[in-house]
1. Beyond a 27 Å Cα-Cα separation, which of these cross-linked pairs lie in this structure: Lys80/Lys177; Lys113/Lys140; Lys60/Lys150?
2. Within the set of other residues whose C-beta is less than 15 Å from the C-beta of Lys150, count the net charge using Lys and Arg as +1 and Asp and Glu as -1.
3. Out of residues 5 or more away from Asp143 or on other chains, whose amide H comes under 5 Å of its own, with H placed 1.01 Å from N in the peptide plane?
4. Name the aspartates and glutamates eligible as straight-distance cross-link partners of Lys199: C-alpha to C-alpha under 15 Å, and not fewer than 8 places from it in the same chain.
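Read the figures in this text as sums done on the coordinates, not as results from a lab. Everything numeric here is computed off the predicted structure, so don't read it as measured data. Heads up, the Cβs are rebuilt from the backbone with ideal geometry, glycines too, and the neighbour counts pull from every protein chain shown.
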Amino acid sequence: MARYIGSVCKLCRREGTKLFLKAERCYTDKCAVMRRSYPPGQHGQGRVKQSEYSLQLREKQKIRRVYGVLERQFRGYFEKAERMKGVTGDNLLQLLERRLDSVVQRMGFAGAKKEARQLVRHGHLLVNSKKVNIPSYLLKPGDVVELREKSRGIAQIQQTLAAVEKRGFPSWLEIDKAQFKGKVLSLPARDESTMPTVKEQLVVELYSK
C-alpha cells in the first residue's frame, strides 16, 4: 500500500497547524510550524484566496494526515459513519479514534501514528490476550490492549509512556502503566478526539456534493 515517505513537517506547514506527526518534537520550539508558519515551497509566503472547496479539502487532508489513512480508506470510513446513528462528522472521528494504531498512540506506547502502526504490524500488541497486527482494527468498549511480555523492555516505549503520562490520558481509556496495558471504557467523545479544532462538518459537505 502506498505511503507518504517525505518530510512530515511539510505536511504540518501545508495545513498551517500542528498535526503532531513527529512525536515529542512537536511539543518543543523545534516544531517546523512554530519556526516557519507558512506553507512550504517558493510561493508559500504569498497570499492565497481560498475557495469554499479549498477550505473543505484542507479540513479533509488534516484529518487524513493525522490518522495516516489513504483516500480510499478515508472514504470508506465516511460511508460507514453515514450509515451510523448520530452526527456523521462525530461518527467519522469516533471511528478513526477507535483504530488500534490510534489507541496505541493515545495509551502512550508510541509517540506518533507511524510508530504505533509499526508496533502493531510487528506483533507487539495483544487485544483481549490475542495478537492483532492490523492497525485499522476497530476497538470497542471493554477491549483490553496490552504490550506483549517480551516487548515491555523496549526503552523507546518506556520513554514515550512517561512523556505522554505527563500530558494525561483521555477519560475513555483506562491505563495500567505498570502492566503496560489499557482498557477501552467507552466510545470516545467528540471533544476528546485527536483533532479538537478540526471542522468535520466541512468534510461532510465535501463528500455530500
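1. Distance filter (> 27 Å) returns Lys80/Lys177; Lys60/Lys150.
2. Values: positive: Lys131, Arg148, Arg152, Lys181; negative: Glu146, Glu149.
Within the 15 Å Cβ shell, the charges total +2.
3. Under 5 Å from the amide H of Asp143: Val184.
4. Within reach: Glu15, Glu52, Glu59, Asp90, Asp191.
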